[in-house]
Each structure stands twice: as structure tokens, then as C-alpha cells.
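These notes are about the structure you will find just below.
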Amino acid sequence: MAYTVPKLTDYSEEALDKALVGLLSALDDESKVLVRKASQASVTATEKRADFKNFRDRWMARKSGVLTQVNELWLKRAPADHKREVGRRVNALKSQVEQKVLEVWERVDFWARQSPEALESADKLVSDYESPRTQSAQLRAESERLDITLPGIRRPLGAEHPIIKTMNEMVSVFRNLGYSIEEGPEIETDYYNFESLNFPPNHPARDTQDTLFIAGQESKPLRDRLLLRTHTSPVQIRTMEKMRPPVRVVCPGKVHRNDAPDATHSPIFHQIEGLAVDTNITFCDLKGTLDHAMKAFFGSSVKTRFYPSFFPFTEPSADVQISCIFCGGKGYRDGGRCPQCKASGWIELLGCGMVDPNVYGFVDYDPKKFSGFAFGMGVERIAILKYGVDDIQLFFQGDVRFLEQFG
């Protein structure tokens, strides 16, 4: 019969000790039954783990577990002059139960991982010996004999999140080109996020409709006000402040925008930005670098094309497209228009350009001596293309059924 927590009318030390002994004895009996069943070859691994879950919930579930009932029936109903002593014993009991449940899980998990042959051998040992002590010794010896020459069995580890996986793969492409990795704070000042990147004071990006500013900053000078960085470009400025050319870095990280979440927008997303500064760097170097990176990531058949754009911190600036990886750049597939590239054969992927000479003035670089290029891309955008995901929100909802596809 399953153990039922009794109501106490006597809170003397003798009565409390008797109640605790009864509870722990019932726990021990249930533990033995559960472990004995788990050692049987006729019980599947799934059934063994399900039995343990029921056992754990019965003793430790928050709403109806035995420990919860003990708290309700013993501690809360104890007279005021006994509450301290009852509370001390209940706390000690909780630790004992938790330790026992953990021990039971280790034993059940051990039997759940054994092969059918090993379990049949263990069953035979049980049937051949009548003494419980002998059975235990033989079962332990058998289990050790089975595992003594084998490597330890590791519990399965989680896989990389698709965003982190994509980011790491992109970073590795540039590391193979000799780029180092730099990171910076997510809470930035207006100076690093805007001013030092050649954004004028009245630029729309500074408005709260785009940028998330920290509250209570109105009394500070504009350049000292704190905000959640809108791009990882501030890391480029911080890097140039502490390094002299040649500089070749990639800056991965999380960024924030004041965007309403939908299928293509998120207030939190990730970027990878790159910077190269040296003598005699030209736009041809920029094109060659990005063309190589896109081919390394999407395949050697991918083509790239550049067309004029504008960014405050680069001049000239360009947007970069790659030939559609779904239709091979043809604009159609499966007898119809390609929905991914909208029948154009091209997909816009990132922005880039030559570093504006004005930016060098903030980091004390000589624009007559040095030149460089910068680029930036959204990691989610690349992951969506790579994995065929149609809603950016799926990356952030934590649904294991979605995430385990990328393990």
C-alpha cells in the first residue's frame, strides 16, 4: 500500500521521531521495489524511466508530493511552540529524501542503459540465489564485470543553437583568412554607437523609434548617454582605439533595435561585422574577401554582386547580393517563380563599404596613410537561408521540437 502522510496530534520528540522513521521506511521500501523492477529484462528502458518519474513526482512534486504534504500537515499545523523543532526536522527530512531519490535515479538509469543480454544474465543470478544479500553482491559483481573494460557512458549533451552554430561557422571562415575576434559591451554610449561612426546628431537612427535608450539619461551630454547597441560597429571603434594598423577583426554579438516582433523582425538579433585597415586596401580587396566568404559558406557555385548604397561610416558603400541558393540564380524552380528571391535570381544579404575617412579622425589614424573596409551581416538572415526557416521568431521561442532538428 502506498505511503500516506499521517496527521499529527502529538508533536513531542518521540512522536516526531516515530513519524519520520515511518516515512523513511516507506521511502526505502518503494525504492527497493522500483530498483528491483528496473533490473528486470522484461521491463523496457522507457518504462523504467517512466516508473522513476512517477516515483520522483510522488515524493517531490510541488503540489501533491509527500514532502509538500509533510510541510502542510506537520509544519504548518504545528503549535507555535513546536514550529522551530518541526521545521528543523522537516528540513533535514527534505535533504534525506532528495538524496535518496538521486541514488534511486542513478541505479534505475544504470539498469535502463544495460543491454538485454546483461539484464537476462542479472535475472538469472536473481533466480539462482535466495539470499537478498547474496543477490545484491552478485548483481553488483555482474554489473561491474560488464562495464569494467568499457569507457564511461556519458549523458547526451545539448547541441548548438542554430544561431550560435551559424555565427561560429561564419566566424571560422574569416578566422581562416587571418581575422581575429573582438567583442564589446551590449550597453554602449551614444559616442561609440553613433558619434564616432560618423552619424550626425539628427540622424533618424538616434530616435527612440529605432534605438532603445536607457532611462534617466536626459541630464547627461548626448555622447555619454547609455543605450543598447544597435550594431556591433562600436567594437570596431574600440578595437582601433587600442590597436594600430594592420587591423583585421570580426565582431560577432547580440544587438538590439526597437522593432515589433514578426516573421522577419526581432527586437534582439545577432550580427557579424568585419573590419580591415592597412596601407593600400582597396574596394577590390573588399569584393574579393566577401566573394570568398560567401562561396565558403554557401558553396563554390554562389555568385556575388555589389550595388551602391549608403551608410554613414563607409564611403563608398554597397549592398551585397548572392545568387539565389534555392533556384541556382534562375529565378524559377519547380515550374514556377522562386518565392525566396521573388523570381529575381538574387538575395540581398549584407552591407559593406570603404571606411569613411572621417571615422579615422576619432581613432587617430592617418587617412592619407591608411585605408580599409568594413562589412556587416545579420546572423538570423543567414540562418534563415541556410536552414529554410520562414519565421525568425522560431529561433527565440525555445521550442525543443524546433531546435532539436539542428542537433
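Is one or more of the residues making up the range 351-371 in contact (Cβ under 8 Å) with a residue 12 or more places away in the chain, under 22 Å from Thr166 (Cβ atoms), open to solvent by 10 Å² or more (accessible area, probe 1.4 Å) and out of contact with any helix residue (DSSP H, G or I) (no Cβ under 6 Å at 6 or more places or on another chain)? Checked against the condition, which is being in contact (Cβ under 8 Å) with a residue 12 or more places away in the chain, under 22 Å from Thr166 (Cβ atoms), open to solvent by 10 Å² or more (accessible area, probe 1.4 Å) and out of contact with any helix residue (DSSP H, G or I) (no Cβ under 6 Å at 6 or more places or on another chain), the range 351-371 yields at least one hit.
Going residue by residue through the range 18-30, is there one that turns out to be of a type in the set (S, T, N, Q) and surrounded by 13 or more Cβ atoms within 10 Å (Cβ to Cβ)? Walk me through how you get there before you give the answer.
Start the filter on the range 18-30 by keeping residues that are of a type in the set (S, T, N, Q), which leaves 25.
Now drop any that are not surrounded by 13 or more Cβ atoms within 10 Å (Cβ to Cβ), which leaves none.
Among the residues of the range 18-30, not one is of a type in the set (S, T, N, Q) and surrounded by 13 or more Cβ atoms within 10 Å (Cβ to Cβ), which makes the answer no.
Select from the range 169-211 the residues that are assigned to a helix (DSSP H, G or I), among the polar types (S, T, N, Q) and in contact with a helix residue (DSSP H, G or I) (Cβ under 8 Å, 6 or more places away or on another chain) and write down the one among them that is surrounded by the most Cβ atoms within 10 Å (Cβ to Cβ). Before you say what the answer is, go through the steps one by one.
Here is the first cut: in the range 169-211, the residues assigned to a helix (DSSP H, G or I) are 169-175, 190-193, 195-197, 204-206.
Imposing the further condition that a residue be among the polar types (S, T, N, Q) reduces the set to 172, 193, 196.
Then drop every residue that is not in contact with a helix residue (DSSP H, G or I) (Cβ under 8 Å, 6 or more places away or on another chain), which leaves 193, 196.
Working: Asn193: 26, Ser196: 24.
Checked the range 169-211; the qualifying residue surrounded by the most Cβ atoms within 10 Å (Cβ to Cβ) is Asn193.
Among the residues of this structure, Leu8 does not count as one that is at negative phi and part of a helix (DSSP H, G or I).
Considering the range 212-237, and only residues there that are free of Cβ contacts under 8 Å to residues at least 24 places away in the same chain and not hydrophobic (A, V, I, L, M, F, W, C), the residue that is least open to solvent (accessible area, probe 1.4 Å) turns out to be Gln217. All of (1) over 30 Å from Ser115 (Cα atoms); (2) open to solvent by 40 Å² or more (accessible area, probe 1.4 Å); (3) under 35 Å from the mean Cα position of the chain (by Cα) hold for Arg84 with one exception: (3). Considering the range 31-40, the residues that are polar (S, T, N, Q) and crowded, with 17+ Cβ neighbours inside 10 Å include one that is modelled with the highest pLDDT, namely Ser31. The single residue among Thr304, Thr289 that is open to solvent by 30 Å² or more (accessible area, probe 1.4 Å) and touching a Leu at 6+ places or on another chain (Cβ under 8 Å) turns out to be Thr304. When Arg56, Arg77, Arg62 are screened for being touching a Lys or Arg at 6+ places or on another chain (Cβ under 8 Å), open to solvent by 50 Å² or more (accessible area, probe 1.4 Å) and not hydrophobic (A, V, I, L, M, F, W, C), only Arg77 passes. Of all residues in the range 71-98, none that is under 29 Å from Lys53 (Cα atoms) has its Cβ atom under 6 Å from the Cβ atom of a residue that is modelled with pLDDT under 85 and open to solvent by 50 Å² or more (accessible area, probe 1.4 Å), 6 or more apart or on another chain. Here Val43 meets each of (1) open to solvent by less than 90 Å² (accessible area, probe 1.4 Å); (2) modelled with pLDDT of 90 or more with one exception, condition (2). When restricted to residues that are open to solvent by 70 Å² or more (accessible area, probe 1.4 Å) and closer than 22 Å to Lys165 by Cβ, the range 251-260 contains 1. Consider the range 238-250 and keep the residues that are touching a Ser or Thr at 6+ places or on another chain (Cβ under 8 Å) and hydrophobic (A, V, I, L, M, F, W, C). The one that is surrounded by the most Cβ atoms within 10 Å (Cβ to Cβ) is Val250.
Criterion first (in contact (Cβ under 8 Å) with a residue 12 or more places away in the chain and open to solvent by 40 Å² or more (accessible area, probe 1.4 Å)) does His265 satisfy it? For His265, the condition - in contact (Cβ under 8 Å) with a residue 12 or more places away in the chain and open to solvent by 40 Å² or more (accessible area, probe 1.4 Å) - is met.
For the range 377-407, the candidate set comprises residues that are touching a residue at least 24 places away in the same chain (Cβ under 8 Å), open to solvent by 40 Å² or more (accessible area, probe 1.4 Å) and in a helix (DSSP H, G or I); within that set, the residue that is farthest from Ser233 (Cα to Cα) is Glu404. Filtering the range 265-305 to residues that are more than 26 Å from Ile392 (Cα to Cα), touching a helix residue (DSSP H, G or I) at 6+ places or on another chain (Cβ under 9 Å) and outside any strand (DSSP E or B) leaves Thr289, His292, Ser301.
The values are calculated or read from the model by the stated rules, or taken from the named source; none is laboratory data. Owing to the predicted nature of the structure, the values given are computational and were not obtained by experimental measurement. Cβ sites come from the backbone with ideal geometry, for glycine too, and all protein chains shown count toward neighbours. What goes into the accessible areas is simple: the full protein's heavy atoms, side chains included, and nothing from ligands, DNA or RNA. Shrake-Rupley method; radii C 1.70, N 1.55, O 1.52, S 1.80 Å.
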